[in-house]
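Reading through the structure tokens given below for one structure.
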Amino acid sequence: METSNTLIPVPFRNTTLFLVDIDGTPYTPMKPIVEGMGLDWASQFTKIKSNQRFASTIVEITMVAEDGKQREMVCFPLRKLPGWLMTIHPNKVKPDIRETVIVYQNECDDALWDYWTQGQAINPRSTFIQPDTYTLPYQPALEIQIFESAIRELRVSETSKIRMYATFCKSNGINSDFLPDYVDEPLVRAITPLLKGMGHSLGSKVANTVNPALEAMGILEHLSRKSTGGKIKQFWSLTEEGLQYGRNETSPNNPRETQPLFFVNRFPELLARLEVHLHLDGNKLLPAQ
């Protein structure tokens, strides 16, 4: 895995957090965040490793510290940070750090993300136009960078990309007639009507049984975003492996999140895998072995 091996310092409150570029994706070392909140790093690291959802995303990198010695750093993908922050319950920590924990939950990921997208000399990814060439005004340039990041991180379908491009053009007064009206893609449907259309017993168990099983199989993953009320809202998204069975469409209700739709012609193959995972026989769950 290629990394920049360079820590990007981010001032936050009375301490310094960090970012690191790993294959073009922002990660953040977790120890400074945990200790900045006043929590014990060893116990929190144990909790992270015991949580399959988080453990599968952490990356350990070797950095050279100021004293010249190599240090192992546990890094977490920045887009997953809000989900981890919400696992800390302020009412269960010591009263003297409760306020700090709440501040980190409300502001920490925003501060890191803003620095990643808006940094200039410190963040090399933000210098995307040479200074001796025409430079876009700050706001449109920032919007383009965020737009491209959203497409990359959400793994949206080609149809969703066209829809997002059209929205971007409209918001910036650009004529979008050059965009195609649609992309010829395989027929897709949501998983609930697919199952119910087949008369499958899992059609009424998508939320509690099917989606968690697909997550365990590596087909789906939980992503998160902040709602208008500041709360964390989670939504499902197809993983890289899952994209062989469907595509991520931007949600009609909120373009900042996706909804997985599945290829009709490949769904029987996925269903067969799902039934094996759930120990299904003849549409019925087998007792646990």
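The values are calculated or read from the model by the stated rules, or taken from the named source; none is laboratory data. Please read these numbers as outputs of a predicted model, since none were measured by experiment. Backbone-built Cβ (ideal geometry, glycine too); neighbour counts: all protein chains shown.
Scan region 93-103 and give yes if some residue there is touching a residue at least 60 places away in the same chain (Cβ under 8 Å) and crowded, with 17+ Cβ neighbours inside 10 Å, otherwise no.
Keep residues of region 93-103 that are touching a residue at least 60 places away in the same chain (Cβ under 8 Å), which gives 97, 100-101, 103.
With crowded, with 17+ Cβ neighbours inside 10 Å added as a condition, the list becomes 100-101.
Yes, because at least one residue in region 93-103 is touching a residue at least 60 places away in the same chain (Cβ under 8 Å) and crowded, with 17+ Cβ neighbours inside 10 Å.
Can you find a residue in region 113-129 that is small (Gly, Ala, Ser), at pLDDT below 70 and surrounded by 14 or more Cβ atoms within 10 Å (Cβ to Cβ)? Write out each step before concluding.
Here is the first cut: in region 113-129, the residues small (Gly, Ala, Ser) are 119, 121, 126.
Adding the requirement that they be at pLDDT below 70 leaves 119, 121, 126.
Still in the running and surrounded by 14 or more Cβ atoms within 10 Å (Cβ to Cβ): 119, 126.
Yes: region 113-129 contains one or more residues that are small (Gly, Ala, Ser), at pLDDT below 70 and surrounded by 14 or more Cβ atoms within 10 Å (Cβ to Cβ).
Give the residue, chosen from Ala65, Ala55, that is surrounded by fewer than 11 Cβ atoms within 10 Å (Cβ to Cβ), small (Gly, Ala, Ser) and at pLDDT below 90. First the steps, then the outcome.
Numbers: Ala55 fails: surrounded by fewer than 11 Cβ atoms within 10 Å (Cβ to Cβ).
Every option except Ala65 fails the conditions.
Is at least one residue of region 22-43 in contact with a Cys (Cβ under 9 Å, 6 or more places away or on another chain), assigned to a loop (DSSP other than H, G, I, E, B), closer than 26 Å to Glu215 by Cα and free of Cβ contacts under 8 Å to residues at least 40 places away in the same chain?
Keep residues of region 22-43 that are in contact with a Cys (Cβ under 9 Å, 6 or more places away or on another chain), which gives 22, 27-30, 33, 36-37.
With the extra rule that they be assigned to a loop (DSSP other than H, G, I, E, B), the set shrinks to 37.
Filter once more, so that each one left must be closer than 26 Å to Glu215 by Cα: none.
The answer is no; no qualifying residue exists.
How about region 7-21: which of its residues are in contact with a strand residue (DSSP E or B) (Cβ under 7 Å, 6 or more places away or on another chain) and either farther than 12 Å from Tyr104 by Cβ or outside any strand (DSSP E or B) (or both)? Break it down stepwise before answering.
Keep residues of region 7-21 that are in contact with a strand residue (DSSP E or B) (Cβ under 7 Å, 6 or more places away or on another chain), which gives 7-10, 16-21.
Within region 7-21, Leu7, Ile8, Pro9, Val10, Thr16, Phe18, Leu19, Val20, Asp21 qualify.
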